[in-house]
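Structure record follows, encoded as structure tokens.
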Amino acid sequence: ITAVWATTRTGAAFVPVDPTYPADRIAYMLDDSAATLGVTVAAHLEHLPRTVQWLVLDDDEIRDDLAHRSTGPVTDADRAAPLRPDHPAYLIYTSGSTGRPKGVTVTHRGLGNLAADERHHLRVAPDSRVSHLASPSFDASIFEQMMALCAGATLVLVPSEVYGGEDLAAVLRHHRVSHAFVTPTTLASLYPAQVPDLQVLLVAGEACPPELVTHWADGHRM
């Protein structure tokens, strides 16, 4: 997550890639997007195509290099060209359920508008705690991250092996999550009493049964 937003600061656009995706899909996304540099960690490197140069963040040489870099804000003086609101911020791919995945570009202006809308409509504040469940290759992951970052709130990373039920409830309860974004299927595996700190609840990705809304709307902003 740090690498993703550091990339936007440089003026480059990021392409989030879930390392658990099939190799041919990853190769297609990298080739189609014309990516020139990849950022990863050693545990995933052997499964990634060598069509781009990979920056391995936990490599000793890279760590030593980063330790001597400035931690000050990135400005246009550091960039290859000035950064403008209508420059691409990221490229994300559709699921491919109706054919080949299609890349969709979102600009910095679009990210700014999303941040403003989320902060206002979802009443996100610096003391809010936002859950993050989505795969990095789904646009929902950007929605979750921006929900926290737009207000300087806390982003709670749900372990990748946790999908729902009591395991998810335990994470949300332990970290006192106040804002959550889940699918109706995931929500159906939870009960309101399991997540007492939850205030704002969003569902998306599939049809939401009316009875699920009835069950959760009382006591929550849904």
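Nearest 500 deg cm²/dmol is fine: what mean residue ellipticity at 222 nm does the chain get from its DSSP H runs of n ≥ 4 alone, each adding -39,500 (n - 2.57), divided by its residue count?
Working: 9 runs with 79 residues, N = 222.
The helix-only estimate for the chain comes to -10000 deg cm²/dmol at 222 nm.
Please report the antiparallel percentage of the DSSP beta bridges confined to the chain, to the nearest 5.
Of the beta bridges lying entirely in the chain, close to 25 percent run antiparallel.
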Amide H of PHE181 versus every other amide H placed in the peptide plane: which residues, excluding those fewer than 5 positions away on the same chain, fall under 5 Å? SER131, LEU202
Quick query: amide H of ALA89 versus all other amide H atoms, modeled in the peptide plane; which residues come in under 5 Å with a sequence gap of 5 or more or a different chain? VAL106, THR107, HIS108
Restricting things to Cα coordinates, could you compute the convex hull volume per residue of the range 110-222 in Å³? 97
Of THR98, THR36, VAL52, which is farthest on the positive side of the dipole of the range 1-133, counting Cα position, with +1 on Lys and Arg Cβ, -1 on Asp and Glu Cβ, and the Cα centre as origin? THR98
Could you compute how much accessible surface ASP78 exposes when probed at 1.4 Å, giving the result in Å² to the nearest 10? 110
If one computes the Cα centroid of the range 191-222 and of the range 1-32, what distance in Å separates the two points? 32
Per residue, how large is the accessible surface of the range 131-211? Use a 1.4 angstrom probe and give square angstrom. 47
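Of all the Cα-Cα pairs you can form in the range 51-157, what percent are over 16 Å apart?
So the portion of pairs separated by more than 16 Å is 73 percent.
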Rg(Cα)/(2.2 N^0.38 Å) for the chain, N = residue count: 1.10
Computing the accessible area with a 1.4 Å probe over protein heavy atoms, can you report the carbon and sulfur percentage for the chain? 55
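If you rank HIS175, HIS121 by how much accessible surface each has, with a 1.4 Å probe, what is the order from largest down? If you can, show how the numbers build up before the last one.
Values: HIS175 65, HIS121 105 Å².
If we order HIS175, HIS121 from most to least accessible, we get HIS121, HIS175.
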When the Debye formula is applied to the Cα atoms of the range 159-222, each taken as the same point scatterer, what base-10 log of I(q)/I(0) results at q = 0.23, 0.24 Å⁻¹? -0.98, -1.08
At a probe radius of 1.4 Å, what is the per-residue accessible area of ARG176, in Å² to the nearest 10? 130
I want to check the label-to-label distance for LEU155 and ASP218. Put each point 7 Å from Cα in the C-beta direction and report it in nm to one decimal. 3.6
Accessible area, probe 1.4 Å, largest first, for residues ASP18, ASP117: ASP117, ASP18
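The values are calculated or read from the model by the stated rules, or taken from the named source; none is laboratory data. Because the structure is predicted, anything quoted here is derived from the model rather than measured. Here Cβ is always computed from backbone atoms with ideal geometry, including for glycine, and neighbour counts include all displayed protein chains. For the accessible areas, the whole protein counts, side chains as well, though only heavy atoms, and no ligand, DNA or RNA atoms are used. Shrake-Rupley method; radii C 1.70, N 1.55, O 1.52, S 1.80 Å.
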